[in-house]
Amino acid sequence: MVNREPDPQAFQVESDKRVRKFLNRHPDLAGKWPDIREYLTQQPHTGTHITHLKGQYQCSRRWRFDPYRILFDIDNSARRVYVFDADARQNIY
């Protein structure tokens, strides 16, 4: 077994309780969550599934995984991504 040191440039990903509950109710998205989480630790600002939001959520970003949306904020100084909401497209905004 290889013991790897944590990447000091990686972001820490934290998720709200309601996000964890949503993932428990939706196994199709929960199965993709480890991949999404890993991507957010490395590149939370850009990607084909990531969009910077406007309006009410202007400082937030969205990960699109049809038909779901995952909303998150990025704290660059603390190297932290906070996932605060996840829901179906018609219910998230």
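Show me, bin by bin at 5 Å from 0, the whole-percent P(r) of the chain based on Cα pairs.
3, 13, 25, 26, 18, 9, 5, 1, 1, 0
Suppose every K and R has +1 on its Cβ and every D and E has -1 on its Cβ; what is the size of the dipole of the chain about the Cα centre, in Debye to the nearest 20?
Approximately 300 debye in magnitude.
Run the simple label-point estimate for R20 and C59 please: 7 Å along Cα→C-beta, distance reported in nm.
About 2.4 nm, to one decimal.
Over the chain, with the other protein chains present, what is the accessible area per residue in square angstrom, probe 1.4 angstrom?
69 Å²
Quick one: of the DSSP bridges fully inside the chain, what percent are antiparallel, nearest 5?
That works out to approximately 80 percent antiparallel.
Answer with one residue from Y57, P34, H45: the one whose Cα lies farthest towards the positive end of the charge dipole of the stretch 31-70, charges on Cβ with Lys, Arg +1 and Asp, Glu -1.
Of Y57, P34, H45, it is Y57.
Can you find, among S77, P8, Q90, the residue sitting farthest towards the positive end of the charge dipole of the chain, where Lys and Arg contribute +1 and Asp and Glu -1 at Cβ?
Checking the options against the dipole of the chain, the answer is Q90.
Mind grabbing the accessible area of Y82 for me, 1.4 Å probe, Å², rounded to tens?
Only protein atoms counted, so the area is about 80 Å².
Just reorder H26, H52, H45 by solvent-accessible area, largest first, 1.4 Å probe, all chains present.
Result, largest first: H52, H45, H26.
Provide the gained length on full extension for the span D73 to Q43, in nm with one decimal, where the gain is 0.36 nm per separating residue minus the Cα-Cα distance.
Full extension of this stretch gives 9.5 nm more.
Quick check: with the 1.4 Å probe, what order do K32, K21 take by accessible area, largest first?
Of K32, K21, the descending order of accessible area is K21, K32.
The values are calculated or read from the model by the stated rules, or taken from the named source; none is laboratory data. All figures in this text were calculated on a predicted structure; none of them were measured in a lab. Note that we place each Cβ from the backbone using ideal geometry, even for glycine, and neighbour counts take in every protein chain shown. Areas reflect the complete protein model, heavy atoms only, side chains present, ligands, DNA and RNA absent. Shrake-Rupley method; radii C 1.70, N 1.55, O 1.52, S 1.80 Å.
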